[in-house]
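Heads up, the thing below is written out as structure tokens.
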Amino acid sequence: KAACPSCWLSSAGLFFHPQVIPGASEFLHDLLSADPEGLQHMDALGFHPYPLYPPLAAPEDNSVGQRALPGMAADLTAVLTHHGLAHLPLAVTELGWPVHSSTDEARQSAWLTRSVLLSAALGMDPICWYNLENGTNEGNFPPEDDFGLYRHGHSLPGAPIDPKPARDAMAWLA
């Protein structure tokens with residue numbers, strides 16, 4: 001912020017569930033307890049509202065082991081409020097569903113639409129989809145290469161553009 005006061009700055013995206021870190025809410029509370037000014041230069045708190053990894057549930061799913069996107073937002077906002085940072089908005093710095101297991105392309109598209117609409121309705125900005133194109137390892141586990149709006153290869157010279165239904169959903173939302 002000192003180098004560019006007009007630049008928009010988000011914190012790193014916190015993964016919500018305790019698979020990689022203790023969980024976004026716990027991590028955020030620990031961070032702000034250790035350093036109350038830890039987010040003072042941020043314009044938003046970034047987070048990755050994945051239900052679990054790999055994500056296989058709808059954004060509004062609140063079943064056992066899942067947390068719906070609005071609940072994740074409420075939990076993080078509660079921590080920010082507790083630490084006097086209620087004014088700090090949330091930014092969805094990564095969101096997506098891979099075409100994997102029970103998630104086919106139609107479901108990926110529907111969940112993209114619902115998650116973007118839910119996020120926008122909750123005032124989150126920006127909302128960043130992961131990823132533009134499938135990777136070279138599409139169809140294999142882990143499904144990291146299956147989140148794309150396009151199937152792999154569309155960006156190669158001479159290759160046909162091969163969009164998935166999620167691309168059309170994103171275009172419609174835009």
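Numbers below:
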quantity	calculated
Relative contact order, percent, the chain [alpha-carbon distance under 8 Å, six or more residues apart]	18
Expected-Rg normalisation [2.2 N^0.38 Å, Cα atoms] applied to region 5-112	1.13
Test item: Cα-centred dipole of region 1-153, Lys/Arg +1 and Asp/Glu -1 on Cβ, debye	240
Sparsely packed GluC sites (Glu not before Pro) within region 17-68, loop by DSSP, other Cβ within 10 Å at most 14	Glu37
Inter-site label distance for His87 and Ser63 at 7 Å from Cα along Cβ, in nm	4.2
Disulfide-incompatible cysteines by the Cβ rule (no partner under 4.7 Å) in the chain	Cys128
Within region 19-59: backbone nitrogen closer than 16 Å to the Ala3 label point (7 Å, Cα to C-beta)	41-42
Backbone HN-Hα couplings from phi across region 40-53 [Karplus 6.51/-1.76/1.60, Hz, Gly and Pro as x]	4, 9, 8, 9, 7, 9, x, 8, 10, x, 7, x, 7, 10
DSSP H segments from the chain that extend 18 Å or more along their own axis, Cα-based, with Kyte-Doolittle mean of -0.5 or above	69-82, 105-121
Quotient of C-alpha Rg and 2.2 N^0.38 Å, computed over region 41-174	1.12
Accessible area expressed per residue, the chain, with surrounding protein chains retained (probe 1.4 Å, Å²)	50
Amide H contacts under 5 Å for Lys164, placed H, 5+ residues apart	Tyr150, Arg151
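The values are calculated or read from the model by the stated rules, or taken from the named source; none is laboratory data. Not measured: the values here are computed from a predicted model. Neighbour counts are summed over all protein chains in view; Cβ atoms, including those assigned to glycine, are modelled from backbone coordinates with ideal geometry. When the accessible area is computed, the model is the full protein with side chains, heavy atoms only, and any ligands, DNA or RNA have been set aside. Shrake-Rupley method; radii C 1.70, N 1.55, O 1.52, S 1.80 Å.
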